[in-house]
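Visitor: Before anything else, here's the structure in question.
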Amino acid sequence: MSEEQCQCADCQRFYKEHDRLIRQFPTFKQQQELNWASIQSFRTLCSKAINELQRQLTERESQEDRNTDEACISDTEISEALDDLENVNAYLYSIEALMEKIFETKISNNIESKFKEIANELAPDPLNVDRLILNRLFHQTPDFPDKKNIN
């Protein structure tokens, strides 16, 4: 029994991005670097958001005559977001520690070639002419004009 991929828009977007990342970064080393950069950029963004929200909350608390109509984001919403983002940052630090272990792994050029070969199998180029023709053949139905019965 084979599991079919989910067809919802979010999952389809994920599958498309998944395959793109395999095509664009088909080696072990490239995947290491991609994941490291991704984690670092996520941490940087979360840290900056935490700092900005903390600054905003501190400014609000220091204002004596505060007009609540001016606030787009409530203090409660900011506090809850800070708790959540601090947890996310802690998880990201844990992932970073795991990634450091992954970076200790070095593989030979022969194995890198095997990664590229497997990447082509897992995520073939969707614009490859052979794949486009094959997809077109698979998706033709009798009601398509190019599938006329020619005698």
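The values are calculated or read from the model by the stated rules, or taken from the named source; none is laboratory data. Predicted, not measured: the structure shown is a model, and the values here were computed from it. When we count neighbours, we look across all protein chains shown, and the Cβ atoms used for this are built from the backbone with ideal geometry, even at glycine.
Visitor: Name every residue in the range 6-46 that is exposed (fewer than 11 other Cβ atoms within 10 Å of the Cβ) and either in contact (Cβ under 8 Å) with a residue 12 or more places away in the chain or not small (Gly, Ala, Ser) (or both), in order of residue number. Lay out the reasoning, then the answer.
Guide: Step one: of the range 6-46, the residues exposed (fewer than 11 other Cβ atoms within 10 Å of the Cβ) are 7-10, 13, 17, 37, 41.
Within the range 6-46, GLN7, CYS8, ASP10, ARG13, GLU17 meet the criteria.
Visitor: Among the residues of the range 92-115, write down those that are surrounded by 13 or more Cβ atoms within 10 Å (Cβ to Cβ) and out of contact with any helix residue (DSSP H, G or I) (no Cβ under 7 Å at 6 or more places or on another chain).
Guide: Matches in the range 92-115: LYS114 only.
Visitor: Among the residues that make up the range 139-149, is at least one of them under 29 Å from the mean Cα position of the chain (by Cα) and either at pLDDT below 95 or of a type in the set (A, V, I, L, M) (or both)?
Guide: Step one: of the range 139-149, the residues under 29 Å from the mean Cα position of the chain (by Cα) are 139.
Restricting the remaining residues to those that are either at pLDDT below 95 or of a type in the set (A, V, I, L, M) (or both) gives 139.
Looking for residues that are under 29 Å from the mean Cα position of the chain (by Cα) and either at pLDDT below 95 or of a type in the set (A, V, I, L, M) (or both), one finds at least one in the range 139-149, hence yes.
Visitor: Of (1) among the aromatic types (Phe, Trp, Tyr); (2) closer than 30 Å to LEU127 by Cβ; (3) touching a residue at least 60 places away in the same chain (Cβ under 8 Å), PHE103 satisfies all except one. Which?
Guide: (2)
Visitor: Next up: Report the residue count in the range 1-41 for those that are outside any helix (DSSP H, G or I) and of a type in the set (A, V, I, L, M, F, W, C).
Guide: Going residue by residue through the range 1-41, those that are outside any helix (DSSP H, G or I) are 1-8, 25-27.
So of that shortlist, the ones also of a type in the set (A, V, I, L, M, F, W, C) come out as 1, 6, 8, 25.
Final tally of qualifying residues: 4.
Visitor: Yes or no: ALA49 surrounded by 15 or more Cβ atoms within 10 Å (Cβ to Cβ), at pLDDT 90 or above, hydrophobic (A, V, I, L, M, F, W, C) and out of contact with any Pro (no Cβ under 7 Å at 6 or more places or on another chain)? If you could, list the steps in order and put the result at the bottom.
Guide: Details: surrounded by 15 or more Cβ atoms within 10 Å (Cβ to Cβ): yes; at pLDDT 90 or above: yes; hydrophobic (A, V, I, L, M, F, W, C): yes; out of contact with any Pro (no Cβ under 7 Å at 6 or more places or on another chain): yes.
Against the criterion (surrounded by 15 or more Cβ atoms within 10 Å (Cβ to Cβ), at pLDDT 90 or above, hydrophobic (A, V, I, L, M, F, W, C) and out of contact with any Pro (no Cβ under 7 Å at 6 or more places or on another chain)), ALA49 qualifies.
Visitor: Of ASN135, ASN110, which residue is modelled with pLDDT of 80 or more, outside any loop (DSSP other than H, G, I, E, B) and either within 18 Å of LEU34 (Cα to Cα) or out of contact with any Gly (no Cβ under 6 Å at 6 or more places or on another chain) (or both)?
Guide: On the way: ASN135 fails: modelled with pLDDT of 80 or more.
Among ASN135, ASN110, only ASN110 is modelled with pLDDT of 80 or more, outside any loop (DSSP other than H, G, I, E, B) and either within 18 Å of LEU34 (Cα to Cα) or out of contact with any Gly (no Cβ under 6 Å at 6 or more places or on another chain) (or both).
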